[in-house]
Amino acid sequence: MSTFTCETFTELDQDILTDFHTCFQEAQEEIELCCHRLEQNPSSEDIHDLFRSMHSLKGNCRMVFLDPLVDVSHKLEEIVSDIRDGKYAYEPVYGEFMLAVISRIDELISQLLQVGEADQGLLDTLESFILQVREADDSGRVDIVNQLLDQLVGGEESQLAPKKQRVIEPPEEVEDAKTSDLDFFHSLAVKLDRLFLFKQGTAFNEQLKMAAEINKELGDVVSHEELSAAVYLHDIGMAFVPWQVLNKHTTLTPEEQLLYQDHVRIGAGLVRRMSGWQGAADMIEHHHEHFDGTGFPHGLKGDHINIGGMILAVIDSYQKVLHQHSDVSFRKTLLRAVTEINSNSNSKFDPTVVDAFNLVVRRHYVAQR
C-alpha cells in the first residue's frame, strides 16, 4: 500500500491536533445537518450554509498543514459550488456522497494521527470519484453517484471559479513626519482603552502585527503607516456612542443600531480632518462593510470596499472571537476564530484577504505553538 505523510501536521502540539480533529468533526456534523435540511426542503439558504461549512472544513485542514486533504476537500467543495451556481439541482444522494467522502477524509486524518502516514490509494480514489461526479452528464449524474456511493460505503486540484484579483494602485510615499502622529494615535487608543471603552488591553500591538503581516502577504497594497493609524483609531467613534447602547446585553432596537453604526462615520470624519491621513480615514469608514454588500454604513460591495478596511474587518473579528472565548485555551480559541473568518469568506470578508489571513495565522501562530 502506498502512503503519504504530513510531517508538519503530525509534529504539531498535541493540543492543537486534538482541537483540530474536534473542529473537523463539528464541521462534519454541521454538513450532515445541512444535508438533512436539504433532503426535507431544499433551499438556497441551506445550500449556502452547506458551502460555508465545507469551506470551514477545508480552511481548518489548511491551517494545520494538511495540504493533501485540503486539495480533496476543495474538490468536494466544488460540487456544492456547482449546485449553488445552478449547474445542477441538489439531490439527496449528493449529500450522502459528500458525507461518505468526508467520513473517508476523517479516516485518513485518524491514520495520520495514529501512525504518521495515510493511505495514498484511498486519497487518489476520493479525488477520482469527485471528478467523475463533476464531469458526469446531468442525465446520468445521479446513477454515477449511486454507483460510487456503493463503493465508498461498501469498501472502500481543480479550482473554484477564479477569483477576480484586485487591481490596486501602489500606495503613495508617506513622509517620515507621520511617525509623531502615529505615536499620538497610539497614546490616544491606550487612553481610550483605559476608560474601558474597548477593553482591548495589549491587543493593539497584536492587531498591528497581524494587519502588517496580512498587508505584506497581499503585496503591501496599502501604506503601512495609514494601516497602522487605522488599527489604532478604527473604533475611536465608539467614544460617542451612548453608554446604554454599548452596554446593552439584549438585542438593539433599530434606533439603537443606527446609533451604534454611526461610530464608523464619526471615527472616519475625525481622522479625515487631519492632514495626510485620508487613507486611514477610508479604511476606518469601510471596516464594517461586507464583501457581499450587506454591511454598513454605505452597503458597499466587492472591490468598492477599501482593502485596508477589509484587513481591519478580518483582524477585528478575529480579535473579538479571542476575547469572547478567553476562558478556554488559546489553541482552541484560535481554531474557533479561524473557523469564524473562513466561514464568512466571500460574504462578510474579501476572499483574497481571508487567504492572506490564513497564511499569516498558519505561519506565525500555528506552526510556532
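Label segment 3-154 by shape, choosing from rounded, prolate and oblate, from the square roots a ≥ b ≥ c of the eigenvalues of the Cα gyration tensor; if a/c is under 1.5 it is rounded, and otherwise prolate applies when a/b is larger than b/c, oblate when it is not.
The shape class here is prolate.
Residue-wise, which Karplus ³J(HN,Hα) couplings in Hz belong to segment 98-106, taking 6.51 cos²θ - 1.76 cosθ + 1.60, θ = phi - 60°, and x for glycine or proline?
With coefficients 6.51, -1.76 and 1.60, one gets 5, 5, 5, 5, 4, 4, 6, 5, 4 Hz.
Taking H placed 1.01 Å from N in the peptide plane, check which residues at least 5 places from Phe349 or on another chain put their amide H under 5 Å from its amide H.
Under 5 Å from the amide H of Phe349: Phe291.
Sorting check: for 45-57, 234-246, 252-264, which peptide has the highest mean count of neighbouring beta carbons within 10 Å, and how do the rest follow?
Packing order, densest peptide first, comes out as 45-57, 234-246, 252-264.
Can you sort Asp137, Asp82 from fewest to most other Cβ atoms within 10 Å of each residue's own Cβ?
Asp137, Asp82
First check a/c for segment 63-108, with a ≥ b ≥ c the square roots of the eigenvalues of its C-alpha gyration tensor; if it is under 1.5, answer rounded, and if not, answer prolate when a/b is larger than b/c or oblate otherwise.
It is oblate, given that a/c is not under 1.5 and a/b is not larger than b/c.
In this model, which of Lys216/Lys248; Lys58/Lys348; Lys248/Lys301; Lys75/Lys320; Lys58/Lys248; Lys75/Lys209 are farther than 28 Å apart at the alpha-carbon?
Beyond 28 Å between Cα atoms: Lys216/Lys248; Lys248/Lys301; Lys75/Lys320; Lys58/Lys248; Lys75/Lys209.
By counting other Cβ atoms within 10 Å of each Cβ, how are Arg265, Arg104 ranked from fewest to most?
Arg265, Arg104
7 Å from Cα along Cα→Cβ at both Val142 and His224: what's the point-to-point distance in nm?
Result for the modelled spin labels: 6.0 nm.
Through the Karplus equation 6.51 cos²θ - 1.76 cosθ + 1.60, θ set to phi - 60°, convert the phi angles of segment 297-306 into ³J(HN,Hα) values in whole Hz; use x for Gly and Pro.
Ordered by residue, 3J(HN,Hα) equals x, 10, x, 5, 9, x, 5, 7, 8, 4 Hz.
Under 5 Å between amide hydrogens, which residues at least 5 positions from Thr3 or on another chain qualify, with H placed 1.01 Å from N in the peptide plane?
So Thr3 has HN proximity to Gln120.
Convert each backbone phi in segment 12-26 into a coupling constant with the Karplus relation 6.51 cos²θ - 1.76 cosθ + 1.60 (shift: θ = phi - 60°), then list the ³J(HN,Hα) values in order as whole Hz, x for Gly and Pro.
5, 3, 4, 5, 5, 4, 5, 5, 4, 5, 5, 4, 4, 5, 5
If neighbour count is taken as other Cβ atoms inside 10 Å, put Asp183, Asp119 in order from fewest to most.
Fewest-to-most Cβ neighbours within 10 Å comes out as Asp183, Asp119.
First measure r as the distance between the Cβ atoms of Asp183 and Thr251, then evaluate 1/(1 + (r/R0)^6) with R0 = 45 Å and state the FRET efficiency to the nearest 0.05.
0.70
Only the coordinates and a few stated rules stand behind these numbers; no lab work does. The shown structure was predicted, so the numbers you read here are calculated from the model rather than taken from an experiment. Ideal geometry is used to build each Cβ from the backbone, glycine not excepted, and the neighbour counts take in all protein chains shown.
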